[in-house]
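Q: Provided herewith is a single structure, encoded as structure tokens, for subsequent inquiry.
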Amino acid sequence: MHAVWEQLRAGISLIFDGNELILSLTWTTIRVAFVSTAIALVIGLPIGVAIGIGRFRGRRALQLLANASLALPPVVVGVLALLLMVPGSVFGSLRIEFTLTAVYIVQAILALPYIVAFTPAAIQALPPGLLAQARALGAGRGQVSVLAVREARIGIMAAVIAAMAATVAEVGAVVIAGGNIVGSDQTLASGLLDSFLLTAGNPQLIAITIMLVLLLVILLGTLTFLQQRSGGIQLRFRTAA
Amino acid sequence: MHFFWQELRAAVPLITHGDPQLVSVIGFTLQVALIATLAASLIGIPIGVALALGRFRGRHTMRVAANVSLGLPPVLVGSILFILLAGNAPGGSLHLIFTRRVVFIAQTILALPFTIAMTAAALEGLPPGLLGQARLLGAGRLQLAALALREARIGVVAGVIAALGTALSEVAAVAILGGNLYGYNQTLASATLYYVNGGHYAQALAIAIVLIVMILVLMCALGLLQHPRGLRLRFRSAT
């Protein structure tokens with residue numbers, strides 16, 4: 001056990017000394033977490049609301065598709081995205097393969113199913129009379145949507161939490177589409193797959209592991225706190241029943 | 001689009017003609033997924049049953065821990081085990097790093113939370129009177145557990161399928177602990193990283209296709225399990 005303590009001390013002191021690599025990986029990870037989750041939310045929330053309250057054909061098929069895409073392996077997303085980005089392919093002229101932009105995009109794609117699949121579930125769990133009543137009182141589509149989002153905010157926050165956890169911790173797509181390039185688009189998670197860092201007794205490896213745990217706990221803890229404050233845990237249990 | 005079709009046209013024959021390298025990776029992946037899921041079921045289902053039916057101290061804490069570990073990132077499992085098993089760390093003498101065995105162990109650990117938490121959740125969802133009645137009628141612990149498992153079998157099998165999906169497609173722990181060694185301990189997911197790294201896009205695409213098909217088969221199995229009378233029913237009950 002002695003060796004592990006020694007490494008742990010070295011890793012922690014790297015973090016406190018403000019090691020450049022650790023700082024840059026942490027900063028990249030934070031940026032990816034917020035940018036990708038934001039993209040997924042902006043695209044996914046309207047789709048989720050439409051599935052949740054809309055009455056159009058193919059709604060159930062869409063919901064099924066969203067649920068199924070939750071099981072999509074990140075490496076598959078990475079390969080398909082990369083093949084569309086490399087020069088000579090559809091989006092090849094944008095030159096975004098192996099850049100931070102590519103990482104933003106693939107992580108947003110991975111986060112999207114959480115938003116699209118969980119938002120309708122949260123809306124459908126609302127008391128059945130609520131939206132119908134609003135409609136009867138003359139609320140337009142936009143107003144009903146806003147009401148649904150506001151009332152289902154706790155479930156939607158849960159979706160955001162799951163989405164952000166995926167953007168921080170998933171590594172398969174980042175490594176493939178981003179190329180895992182140090183100083184450019186390497187995140188804390190993908191740094192752990194870097195063969196230069198992945199050597200026995202490397203204090204950087206420990207420092208990255210600690211930072212990843214800390215970041216996940218802080219980000220997800222803050223979001224959970226906001227979620228609970230915004231609606232109270234009691235309401236949630238009642239509507240879920 | 002030209003490029004994508006070109007790679008796709010190169011990828012499909014690799015699958016249909018059974019490229020030997022691809023076939024051996026598929027074989028190893030299936031072996032890993034099946035053994036890891038079997039091990040996770042043998043260890044996890046009894047724990048899940050105990051968490052749901054038992055009345056011992058620390059049960060609630062363990063129940064929460066099982067739920068939390070569902071969200072444990074594979075990359076963290078990989079790096080923490082690497083730190084504990086590599087070089088002169090306490091587990092270093094086991095010489096597990098960069099072996100085949102460590103891949104089986106890593107995927108078992110990742111699959112375990114699914115069998116534990118989903119078994120417990122399925123049993124907790126049973127009608128409250130059912131087990132109480134069985135107890136009253138004199139059922140022993142084992143009989144009670146067998147009854148609960150039989151009644152909650154759909155939820156339990158759903159957990160096993162989720163475990164299988166994880167063991168099939170998760171890459172981080174396998175790549176970190178196994179070292180992603182070509183022709184030795186690569187799974188489909190980790191071989192994808194390897195091929196993309198080398199610019200062999202057709203191979204990577206072929207693997208992606210195989211992985212998607214495997215996951216689709218699993219999801220259909222799950223759908224049929226939950227709604228044995230067919231998909232139509234499933235669509236309806238999704239609302």
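The values are calculated or read from the model by the stated rules, or taken from the named source; none is laboratory data. What you see is a predicted model, and the numbers here were worked out from it, not measured in a lab. Heads up, the Cβs are rebuilt from the backbone with ideal geometry, glycines too, and the neighbour counts pull from every protein chain shown.
Q: Being polar (S, T, N, Q), surrounded by fewer than 21 Cβ atoms within 10 Å (Cβ to Cβ) and assigned to a helix (DSSP H, G or I) is true for just one of B:Gln203, B:Gln143. Which residue is that?
A: B:Gln143
Q: Please go through segment B:158-184 and pick out each residue that is facing chain A (nearest Cβ under 9 Å) and not in a loop (DSSP other than H, G, I, E, B).
A: B:Ala162, B:Gly165, B:Leu168, B:Ser169, B:Ala172, B:Ala175, B:Ile176
Q: Let me ask something additional. Given the conditions (1) under 30 Å from B:Leu224 (Cα atoms); (2) buried (at least 22 other Cβ atoms within 10 Å of the Cβ), report the number of the one that B:Pro128 does not fulfil.
A: With respect to (1) under 30 Å from B:Leu224 (Cα atoms); (2) buried (at least 22 other Cβ atoms within 10 Å of the Cβ), B:Pro128 is out only on (2).
Q: Here is a follow-up. Which members of segment A:71-91 meet the condition of being more than 7 Å from chain B (Cβ to nearest Cβ) and in contact with a His (Cβ under 9 Å, 6 or more places away or on another chain)?
A: Hits for segment A:71-91: nothing passes.
Q: Quick check, is A:Ala189 part of a helix (DSSP H, G or I) and closer than 25 Å to B:Leu85 by Cα?
A: yes
Q: A further question follows. Somewhere in segment A:56-68, is a residue touching a Gly at 6+ places or on another chain (Cβ under 7 Å), assigned to a helix (DSSP H, G or I), of a type in the set (S, T, N, Q) and more than 25 Å from A:Ser184 (Cα to Cα)?
A: Looking through segment A:56-68, none of the residues is touching a Gly at 6+ places or on another chain (Cβ under 7 Å), assigned to a helix (DSSP H, G or I), of a type in the set (S, T, N, Q) and more than 25 Å from A:Ser184 (Cα to Cα).
Q: Does segment A:87-98 include one or more residues that are crowded, with 22+ Cβ neighbours inside 10 Å, modelled with pLDDT of 90 or more and either under 20 Å from the mean Cα position of the chain (by Cα) or within 15 Å of A:Ala177 (Cα to Cα) (or both)?
A: No, there is no match, as no residue in segment A:87-98 is crowded, with 22+ Cβ neighbours inside 10 Å, modelled with pLDDT of 90 or more and either under 20 Å from the mean Cα position of the chain (by Cα) or within 15 Å of A:Ala177 (Cα to Cα) (or both).
Q: Quick check on segment A:84-91. Is at least one of its residues in a helix (DSSP H, G or I) and of a type in the set (Ser, Thr, Tyr)?
A: No, every residue in segment A:84-91 fails to be in a helix (DSSP H, G or I) and of a type in the set (Ser, Thr, Tyr).
Q: From B:Leu136, B:Leu112, grab the single residue that is of a type in the set (A, V, I, L, M, F, W, C) and modelled with pLDDT under 95.
A: Selected residue: B:Leu136, the only one of B:Leu136, B:Leu112 that is of a type in the set (A, V, I, L, M, F, W, C) and modelled with pLDDT under 95.
Per-residue answers, yes or no, for (1) away from every other protein chain (no Cβ under 14 Å); (2) in a loop (DSSP other than H, G, I, E, B); (3) under 22 Å from B:Glu7 (Cα atoms):
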position	(1), (2), (3)
A:Ile96	yes, yes, yes
A:Val106	no, no, yes
A:Leu112	yes, no, no
A:Arg135	yes, no, no
A:Gly138	yes, yes, no
A:Val144	yes, no, no
A:Leu147	yes, no, no
A:Arg150	yes, no, no
A:Val174	no, no, yes
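Q: Further, regarding this structure: Pick from segment A:201-215 the residues that are within 8 Å of chain B (Cβ to nearest Cβ) and surrounded by fewer than 20 Cβ atoms within 10 Å (Cβ to Cβ): which of them is nearest to B:Ile83 (Cα to Cα)?
A: A:Gly201
Q: What tally of residues in segment B:2-29 results from selecting those that are of a type in the set (A, V, I, L, M) and free of Cβ contacts under 8 Å to residues at least 12 places away in the same chain?
A: Final tally of qualifying residues: 1.
Q: Moving to a separate point now. Take the conditions part of a helix (DSSP H, G or I), more than 30 Å from A:Pro120 (Cβ to Cβ) and not hydroxyl-bearing (Ser, Thr, Tyr) and apply them to A:Leu41. Does it pass?
A: It is false that A:Leu41 is part of a helix (DSSP H, G or I), more than 30 Å from A:Pro120 (Cβ to Cβ) and not hydroxyl-bearing (Ser, Thr, Tyr).
Q: Go through segment A:1-13 and give me each residue that's within 14 Å of another protein chain (Cβ to nearest Cβ) and either closer than 14 Å to A:Pro120 by Cα or not charged (D, E, K, R) (or both).
A: A:Met1, A:His2, A:Ala3, A:Val4, A:Trp5, A:Gln7, A:Leu8, A:Ala10, A:Gly11, A:Ile12 - these are the residues of segment A:1-13 that are within 14 Å of another protein chain (Cβ to nearest Cβ) and either closer than 14 Å to A:Pro120 by Cα or not charged (D, E, K, R) (or both).
Q: Based on this model, can you work out whether A:Val160 counts as more than 8 Å from every other protein chain (Cβ to nearest Cβ) and either in contact (Cβ under 8 Å) with a residue 40 or more places away in the chain or assigned to a loop (DSSP other than H, G, I, E, B) (or both)?
A: yes
Q: Starting from residues that are at the interface with chain B (Cβ under 10 Å from one of its Cβ atoms), without any contact (Cβ under 8 Å) to a residue 12 or more places away in the chain and more than 18 Å from the chain's Cα centre (by Cα), keep the ones in segment A:52-70 and report whichever is surrounded by the fewest Cβ atoms within 10 Å (Cβ to Cβ).
A: Checked segment A:52-70; the qualifying residue surrounded by the fewest Cβ atoms within 10 Å (Cβ to Cβ) is A:Ala61.
Here's the yes/no breakdown for (1) farther than 23 Å from B:Gln226 by Cβ; (2) not in a helix (DSSP H, G or I):
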site	(1), (2)
B:Gly87	yes, yes
B:Ser93	yes, no
B:Thr99	yes, yes
B:Val103	yes, no
B:Ile109	yes, no
B:Leu123	no, no
B:Leu130	no, no
B:Ala139	yes, yes
B:Leu147	no, no
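Q: Identify all residues within segment A:32-51 that are surrounded by 15 or more Cβ atoms within 10 Å (Cβ to Cβ) and either under 19 Å from A:Val182 (Cα atoms) or out of contact with any Ser or Thr (no Cβ under 9 Å at 6 or more places or on another chain) (or both); write none if there are none.
A: Those that are surrounded by 15 or more Cβ atoms within 10 Å (Cβ to Cβ) and either under 19 Å from A:Val182 (Cα atoms) or out of contact with any Ser or Thr (no Cβ under 9 Å at 6 or more places or on another chain) (or both): A:Val32, A:Ala33, A:Ala38, A:Ile39, A:Leu41, A:Ile43.
Q: What about A:Leu198, is it at the interface with chain B (Cβ under 8 Å from one of its Cβ atoms), buried (at least 19 other Cβ atoms within 10 Å of the Cβ), free of Cβ contacts under 8 Å to residues at least 40 places away in the same chain and closer than 19 Å to A:Ile30 by Cβ?
A: no
Q: Please determine whether any residue of segment B:55-74 is within 14 Å of another protein chain (Cβ to nearest Cβ), touching a residue at least 60 places away in the same chain (Cβ under 8 Å), under 26 Å from B:Arg101 (Cβ atoms) and part of a helix (DSSP H, G or I).
A: Yes, segment B:55-74 has at least one match.
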